[in-house]
């Protein structure tokens, strides 16, 4: 009889992410205990609030959609050696451009969707282009320039929306987009029992994940971007155009965040408000970190964070635990992902012992066979 | 026999590789004990275990016959073990005293005066000639190394480990260092010297432990063992110190540099009115002291630095202002000086690194899609041909390879690209004799295949061993081009110092 081929256990990003999540939840449980509440009840209500019925699932998916695109943007930038902390501004730029185009142009629903998606991507890309150029040609660090771009976007929206897109009643937000100018889909809304939060942005996000994964793994472009991200001097020595790569990376990252803006403002909410710098821009950093900056990882971490965010209101409504606790858990998880080296060591040690045990057993049995 | 330090039956495994396999090292009080081995043989791993940076899987450490456990460098310091690392661990803008007392400040209020006095005394006692108040960035590399030595002496270390201490030093500084080591032994310290330079072992060491591929091969008495015997024990076969090569048969010019002027990072002219021709079938070596314009010259030829004036042509094609990739395509191959910064992307695996100059064209990609199977086949060919050893083959991250294997990977990639002009800069820096011999052979066979080779090295031995012609550079100017066969090292040395052979000023 032949023994099954034994695959050596090794720690991987998935195990590390799960470890961080479990420890984050444990820390959250501890906090809940400290305020004298029952953590199991709290977690149960979060789950219930996020998944209790199809309408709530729709909400969770809608929140995850935006996080997924932002997370993908930041993960992509990480992989190419850039820290895109300007996703908030790119979301606003994408959302504003898409909303403006939607109001200005009249088209049937499906072509309209393509047009606003494109314009959102383009505006986000421009918001990434500027820091990219500054970095490539003037060595301005992208963290500084993208933060400044955030505020430029914030004030542009502040001026632009009341001046051109004002609704009938409120000064502080645009008019509501009519159905045929949004990413909402009737059939999707019907599936989800009338929830109009979930929208075509979800498909855009999943499609973007596949495209980015393909670019990074399979194409010469991804090869170039990664090489520049890992070692720009080595890339330059080999003849790769480093400046072009940096600019392109920032544009793609910006475009992806711009798409998040389209899905949020032209799908989830249907209008754009002034005076709000979308926090998803920063939550996206958490999504990218927990997802180990891999496109597939981003999908799962966005779904997880979406679940926490969608369920937190229900939890605080049914218990005395404040909704901020969900955000605290997210923060703790980020701390744990940031210390992933610790987990890697822990699991490597664990797995080594298991592997050794197995190998000892295997070599014993080999000896016996040889004796015969 | 009582030993100052013993490492018994040490075993250490890394994923895919056994770095140390049952190694025993015994060092007597008052001796200089050398550890000789090729790159990647496991010398540094063994020392890292002794210094508490790694933990051994098996084996034990004894100091003066007493078993000890060393879990971290602090434990090592407590056991009076000190180490001078290959890369100095100094804070550039701190003074010597501040660097030495770092981590051992004692009370909250710094008492630099006492420390400074103690350092002065130590420096005098061992003839280190260090001013405790000078700032690290102002002193030479040789002096920085002596500061590292002082660090060990300051905490009264008894067992001093030197990890490749001469790799960064000039010949004069090496002599000084060897003298210092002899002085330390006289004061009763014992020294473990990690190196692959046989002359140094011959010059100072008493005994030598030889390691090959993670295994202990032999412990020899240095006085009664010849250099070539030690070399063959280290490599596992007889070694040729002199490179065998046929007479060059130069033909058409491949590289032509005319009146080249290049500015350095300080915006001053680093290369001045430099003209040189390298023909197919010959190796031209550029001899010069480090920092005399070699870096600027190479960067100008390879496209990493802008050319102020003058022209560079390769195979009759003017490449003076072309981007790097066009130069590569015109037939320029380049083994760069800094293999970690330029030569390889350390976080990428070997397979990716092997195609970094070719990934964008067929057969490695089609319609912008990478062809992994072609890349694998090609990479495996380089690994096999150039004997690149690594834990996980093509999938190994380049950064995990030993220095010698990184260099073989780069040389392999460049030669496999079959460039008409191969530029090799410091091709064997920090490598052991086995790897040096191998790389030299590869360079010569590339010449024999009818290509031009431009060699830059700061080691005169290497220049004389390989080159058919020697061009001497000093202060950015070409001093002269001479035939290797009718030149002496002394004459080249004088020109390197800026003394012209032609008598002009």
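Nothing in this text is a laboratory measurement; each read-out follows from the coordinates by a stated rule. Just so you know, these numbers come straight off a predicted model, no measurement behind them. Cβ sites come from the backbone with ideal geometry, for glycine too, and all protein chains shown count toward neighbours.
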Considering the zone a paramagnetic label at residue B:392 would reach in this model (a point 7 Å from Cα along the Cα-to-Cβ line), which residues of region A:272-306 have amide N under 13 Å from it? none
Set the Förster radius R0 to 56 Å, insert the Cβ-Cβ distance between residue A:210 and residue B:219 as r into 1/(1 + (r/R0)^6), and round the FRET efficiency to 0.05. 0.40
Determine the shape class of region A:8-67: with a ≥ b ≥ c the square roots of the Cα gyration tensor eigenvalues, call it rounded for a/c under 1.5, and otherwise prolate if a/b is greater than b/c, oblate otherwise. oblate
Everything considered on the Cα gyration tensor (a ≥ b ≥ c; rounded for a/c under 1.5, else prolate if a/b is larger than b/c, else oblate), region A:114-269 must be described as oblate
Calculated FRET efficiency, residue A:34 and residue B:87, Cβ-Cβ r, R0 51 Å, to nearest 0.05? 0.60
May I ask you to derive the relative contact order of chain A, considering only C-alpha pairs under 8 Å and at least 6 residues apart, and to give it as an integer percent? 35 percent
Taking the Cβ of each residue in A:141, B:85 as the centre, tally the other Cβ atoms inside 10 Å and list the residues starting with the fewest. A:141, B:85
Calculate for chain B the 222 nm mean residue ellipticity that helices alone would give, adding -39,500 (n - 2.57) per DSSP H run of length 4 or more and normalising by residue count, nearest 500 deg cm²/dmol. -9500 deg cm²/dmol
So what's chain A giving for Cα Rg divided by 2.2 N^0.38 Å, two decimals? 1.12
Hey, what's the Cα Rg ratio for chain B versus the globular rule of thumb, 2.2 N^0.38 Å? 1.05
Where Rh denotes the Kirkwood radius from the mean inverse Cα pair distance, what is Rg over Rh for region A:220-372? 1.17
Of A:47, A:61, A:225, the most mobile residue in a GNM of chain A (C-alpha springs, cutoff 10 Å) is A:47
Apply the a/c threshold of 1.5 to the C-alpha gyration tensor of region B:145-303 and tell me whether it is rounded, prolate or oblate. oblate
Residue with peak Gaussian network fluctuation, chain A [Cα springs, cutoff 10 Å], from A:236, A:180, A:224: A:236
What percent do you get for the relative contact order of region B:5-235 when only Cα pairs under 8 Å and 6+ apart count? 29 percent
Ranked by Cβ crowding within 10 angstrom, fewest neighbours first, how are B:154, A:179 ordered? A:179, B:154
Region B:341-417 - percent relative contact order, Cα under 8 Å, separation 6 or more: 38 percent
Where N is the number of residues in region B:5-235, Cα Rg divided by 2.2 N^0.38 Å: 1.01
Expressed in Å to one decimal, the Kirkwood Rh of region A:107-188 from all distinct alpha-carbon pairs is 15.2 Å
Working from the pairwise distances between different alpha carbons, so that the mean of 1/r is found and then inverted, what is the protein assembly as shown's Kirkwood radius in Å? 31.6 Å
Based only on the alpha carbon positions, what is the Kirkwood hydrodynamic radius of region B:305-422, in angstrom? 15.1 Å
Between the modelled labels at residue A:151 and residue A:243 (7 Å from Cα along Cα→Cβ) the distance in nm is 2.8 nm
Distance (nanometres) between label positions extended 7 Å along Cα→Cβ at residue B:308 and residue A:190: 7.7 nm
Quote the FRET efficiency, to the nearest 0.05, computed for residue B:9 versus residue A:169 with a Förster distance R0 of 60 Å and r equal to the Cβ-Cβ distance. 0.10
Intensity falloff of region B:366-490 expressed as log10 I(q)/I(0), Debye formula with alpha-carbon point scatterers, at q = 0.14 Å⁻¹: -0.70
Footprinting exposure proxy for A:14, A:336 (fewest neighbouring C-beta atoms within 10 Å first): A:14, A:336
When the distances between all Cα atoms of region B:255-328 are binned every 5 Å from zero, what whole-number percent does each bin get? 3, 16, 28, 26, 18, 7, 1, 0
